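Please read the structure below before turning to the comments.
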Amino acid sequence: MNRFDDMVNELRKDVEIPESVWQKYTSTFANLKDQQSQNSRHAFSRKRVWPAIAAFFIISTVSISAAAHMRWSQGLEQKLHPTPKQRLQLEENQMASFVGKSVTQGDVTVTVHQSIVDNNFAYLSFKVEGYQLEDGKEPGFSDISIAVDHEKEASGGWSASFYDGLIQGADGKMMQSDGTPLAEGESPSYMMEDGSMEFQVMMMNSRKGAFIDRPIHVELRDLGVYEEKAGEVAVDAQGTWTFDWVLSGNEAVEQHQLNACLQGSDAIVQSVELSPVSISITYEFPRNLETVPGIDENGVEMEHGLLQEPPAFTGVRLKDGTMHIGISNGLASSNYVDQESEIYESKVALARVIDVDQVESLLFIKSYPEGEEPLQEENLYIVPIN
């Protein structure tokens, strides 16, 4: 075995080299040796051969390392259900990007793993390592600060929590990531197989493209667990994990003019913008007040007026007939465009990645079934988009 073989074998100890790459190396080196023995007058110099083989290995291992770095966060992948093709598309158009910045405070290291950003929403994923969580406890940071584009606070609203291993199924119901329902009394699991945890942030903004190519500042302070009675975090690991980077993203959407009347509701769905991770819908809907019962601060029954809302978006039907119902992940914005207008806008973050060119119809809630029964076709307005 020569010195280069020694070097390659040392490299294999540190980097997992696929068998196909290793076979390529041995085959290439063997061919060079054969050519050298067949024609000694044109023998290859080892000084030229070794750098060539080394360059081959450097390129291969850099590609391997890049592929490993581009691995999606486990939580986002499980929650959004992307296919391999969808993952690649989101990476290529920079809607999904990978940051890799880490900060260590004491024994705890927090890494900005991944972001997914479109025209209206942003998903952030942080990997948290070095914290030992008790079974049955929910982790949390005592204080979270997020500023985008040098604003004091991310406008439009945001939510943040540790990923608990629960995902939303095609029927809108929550289940464990392997598809089994959470048993009664069973606690969700915040720990990944490698002992890390995943902290997720979802942000929204009414201004289109407000997150794309914008600087973001995030501070996560003091890690611990929530106390059930107080509702506050009991701190176990003090520190401030601070991150600054520029969000990537893509504002690409597929637009459709619909002018579809939802019979019996006074609502007309004017248009829709579809992104792989969100949907924006414009309705024409009169400003009607409805009277609802309530109780004032003194416990006295009263009635007050609320503006009616148009039928809510709940899902999509794909061209192959697949129905995804209850597809909202809970982050949404719905309101009239101004105080006088009858144009109503609804923006909804999706609980799964969709192929926008495969959407055949939009689904809106017409009525609710009795009890705990899931929504059926008879409970839906089905609006074709083509």
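Miscellaneous remarks
- Per-peptide packing, taken as the mean over residues of other Cβ atoms within 10 Å, places 126-132, 109-115 in the sequence 109-115, 126-132 from highest down.
- Label point distance in nm, H81-Q238, each placed 7 Å from Cα along Cα→Cβ: 4.6 nm
- Cut-off 14 Å between beta-carbons: net charge of the residues surrounding E193, Lys and Arg +1, Asp and Glu -1: -3
- For segment 177-209 versus segment 81-148, the inter-centroid distance based on Cα atoms is 11 Å.
- Here the calculated FRET efficiency for D143 and N386, from their Cβ-Cβ distance with R0 = 51 Å, stands at 0.60, rounded to the nearest 0.05.
- The local environment of V246, defined by Cβ-Cβ distances under 13 Å, has a net charge of -1 under the rule Lys, Arg +1 and Asp, Glu -1.
- ³J(HN,Hα) computed for each position of segment 136-143 - Karplus, 6.51 cos²θ - 1.76 cosθ + 1.60, integer Hz, glycine/proline x: x, 9, 9, x, x, 8, 6, 8
- Couplings 3J(HN,Hα) of segment 208-215, computed from phi: 4, x, 5, 9, 6, 6, 10, x Hz, in residue order, whole Hz [Karplus 6.51 cos²θ - 1.76 cosθ + 1.60, θ = phi - 60°; x for Gly and Pro].
- By average C-beta atoms within 10 angstrom, highest first, the peptides 256-264, 325-333: 325-333, 256-264
- In segment 273-315, the C-alpha radius of gyration followed by the widest Cα-Cα span (Dmax) gives 16.3, 47 angstrom.
- Under 15 Å from K101, Cα to Cα: aspartates and glutamates that are on another chain or at least 8 residues apart: E129, E198, E219, D244
- Expressed as a whole percent, the accessible area of segment 270-386 that falls on carbon and sulfur atoms is 44 (1.4 Å probe).
- Rounded if a/c under 1.5, otherwise prolate or oblate - segment 198-314, Cα gyration tensor axes: oblate
- For I325, nonlocal amide neighbours, meaning residues 5 or more places apart or on other chains whose placed amide H falls under 5 Å from its own, are G172.
- Difference of contour (0.36 nm per residue) and Cα-Cα distance, S206 to Q255: 15.9 nm
- For the residue pairs K85/K319; K127/K347; K85/K366; K79/K137, the C-alpha atoms sit more than 25 angstrom apart in K127/K347; K85/K366.
The values are calculated or read from the model by the stated rules, or taken from the named source; none is laboratory data. Keep in mind that this is a model prediction, so the values were computed, not measured. Cβ atoms come from the backbone with ideal geometry, glycine included; neighbour counts cover every protein chain shown. Just so you know, the surface numbers come from the protein's heavy atoms only, side chains and all, with ligands and any DNA or RNA stripped out. Shrake-Rupley method; radii C 1.70, N 1.55, O 1.52, S 1.80 Å.
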